[in-house]
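Reading through the structure tokens given below for one structure.
The values are calculated or read from the model by the stated rules, or taken from the named source; none is laboratory data. All values reported here derive from a predicted model rather than from experimental measurement. Glycine also receives a Cβ, built like all others from the backbone with ideal geometry; neighbour counts cover every protein chain displayed. The protein model used for the area step is the full one, side chains on, heavy atoms only, and it has no ligands, DNA or RNA in it. Shrake-Rupley method; radii C 1.70, N 1.55, O 1.52, S 1.80 Å.
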Amino acid sequence: MDYKRVLTVQDISCVGQCSLTVALPILSACGLETCILPSAVLSTHTGGFTGYTFRDLTEDMPAIEAHWVKEGLKFDAVYTGYLGSEKQIAYVKSMFRSLSAPGCLRVVDPAMADNGKLYVGFDEAFVESMKTLASEADYLLPNITEAALLAGEEYRETYDEAYVDALAAKLLRLGAKNLVLTGVSFRPETTGVLVFENGERKYYEHKRLPKGCHGTGDVYASAFVGALLRGKSGCEAAAVAADYTLRCIEVTREDPEHWYGVKFEPVLGELMKALEE
Ligand code: PXL
């Protein structure tokens, strides 16, 4: 097996099963050497907990980058998730240039909003800055809310194919080479991912579970990156990641106490098996 090295840049939410506590185990299980750059350390994520701590690590980022450059370290992929500020986005763009191995895949999950709303702490200026990162992505992975924000279009809760295709066209015009739109639903009982890859458009539809769970965007993006680097096409990786995320939700939803994330660990074996197929 080709052994690849990936760098993922996002926060550590110590409790809450999102960002790095999800990306690191999933990418490792996919057989990848996973290097991390924590952008901040929070006691929990911000989606439902209150009173969390937040240690911003922005100022450590250029020194870490400089050290890696000095060591001659390069990455086969750079995958970004939740970033805390416009400054962090600027640093990540610098790393895209300084730390990329030839053919490096840049995957951007513009983790900043869901259900029509920006996450706590983000504003319009951050969205503007995220557009510049999105424009450099080989694969951009927004949900509908993030896609609407990045495209400068109004968010719609119900929509048709023309609406999502218009969002996609705008994001591709922005500069993203390929696009994986998540949570795209045209019928009440199903949802899916809409993939635009190398000029092709493919929709992978699957059943929709009644309850949305926190952290599924990070689980999805991590599994997508893992599958992509294991040689799957974007379309195949999008489907593998969707099936895995669905299983994570299925094993979590019987437990009402587990509201803050998904139980992705017990079904990691299923993801690993899907990568062998
Ligand atoms: O799952 C996205 C995410 C990542 N990191 C932090 C968050 C969130 C979503 O709320 O708060 C700190």
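Observations, loosely collected:
- Residue within the stretch 21-43 that is farther than 23 Å from ASP138 by Cα, away from the ligand (no atom under 13 Å from the Cβ) and either free of Cβ contacts under 8 Å to residues at least 12 places away in the same chain or among the polar types (S, T, N, Q) (or both) present: no
- All positions within the stretch 157-168 that are open to solvent by 20 Å² or more (accessible area, probe 1.4 Å) and either in contact (Cβ under 8 Å) with a residue 40 or more places away in the chain or under 21 Å from the mean Cα position of the chain (by Cα) (or both): GLU157, ASP165
- Checklist (1) within 12 Å of the ligand (Cβ to nearest atom); (2) of a type in the set (Gly, Ala, Ser); (3) crowded, with 18+ Cβ neighbours inside 10 Å applied to GLY121, failing item: (3)
- When the strands (runs of 3 or more DSSP E) confined to the stretch 1-114 are screened for residues that are within 30 Å of HIS258 (Cβ to Cβ), in contact with an Asp or Glu (Cβ under 7 Å, 6 or more places away or on another chain) and open to solvent by less than 50 Å² (accessible area, probe 1.4 Å), those reaching at least 3 such residues are found at 33-44.
- A count restricted to the stretch 124-156 and to residues that are of a type in the set (Ser, Thr, Tyr), under 22 Å from CYS213 (Cβ atoms) and either within 15 Å of the chain's Cα centre (by Cα) or open to solvent by less than 20 Å² (accessible area, probe 1.4 Å) (or both) stands at 1.
- Residue within the stretch 137-152 that is at pLDDT below 95, small (Gly, Ala, Ser) and part of a loop (DSSP other than H, G, I, E, B) present: no
- Conditions (1) within 25 Å of PHE54 (Cα to Cα); (2) touching a Ser or Thr at 6+ places or on another chain (Cβ under 7 Å); (3) within 16 Å of the ligand (Cβ to nearest atom): number failed by LEU141: (1)
- Residue check, ASP76 modelled with pLDDT under 95, out of contact with any Ser or Thr (no Cβ under 8 Å at 6 or more places or on another chain) and either within 16 Å of the ligand (Cβ to nearest atom) or not basic (Lys, Arg) (or both): no
- Residues satisfying the stated conditions in the stretch 153-197, i.e. over 22 Å from ALA241 (Cα atoms) and modelled with pLDDT under 95: GLU157, THR158
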